[in-house]
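Every read-out reported here was derived from the displayed coordinates using simple, explicitly stated rules and does not represent laboratory data. Since the model is a prediction, treat every value here as computed from it, not as a measurement. Cβ: placed from backbone, ideal geometry, glycine included. Neighbour counts: every protein chain shown.
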Amino acid sequence: MSEPTAFATPADLEARWHPLTQDETAKARQLLEDASDQLESLGVKTDQIHASTLKRIVCAMVRRAMTADSEGVPDGVSQSQMTA
């Protein structure tokens, strides 16, 4: 099995979001690989999609995941409620 290849780098994510801390960079690197792998696992014909489009998509996926992790709610959600 080959080594996973990400369609974007942490620097690509920084350019679209904000400067990353050292911890964020490490997490972003793994999530970028995961997002890229997910696209391929879903059967997306990545070889037929422009590289800049793949980069934009995985960066958006990772930004959303990292925002949800840091704030506890998904990006774009202004209110949430939890009931126990």
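Descriptive notes on the structure:
- With q set to 0.14 Å⁻¹, the log10 of I(q)/I(0) for the stretch 1-61, from the Debye formula over equal scatterers at the Cα positions, is -0.37.
- Inter-part distance where the stretch 14-30 and the stretch 44-63 are each reduced to a Cα centre, Å: 17
- Net length gained if the chain between THR53 and THR21 were fully extended (0.36 nm per residue, minus Cα distance): 9.0 nm
- In loop segments of the stretch 31-72 as defined by DSSP, there are no GluC sites (Glu not before Pro) with at most 12 further C-beta atoms inside 10 Å of their C-beta.
- Inter-site label distance for ALA68 and GLN30 at 7 Å from Cα along Cβ, in nm: 1.7
- One decimal place: the segment GLU14-THR83 gains 21.3 nm when fully extended, by the rule 0.36 nm per residue minus the C-alpha distance.
- Full extension of the chain segment joining VAL44 with THR5 gains 12.6 nm, where the gain is 0.36 nm per residue of separation less the Cα-Cα distance.
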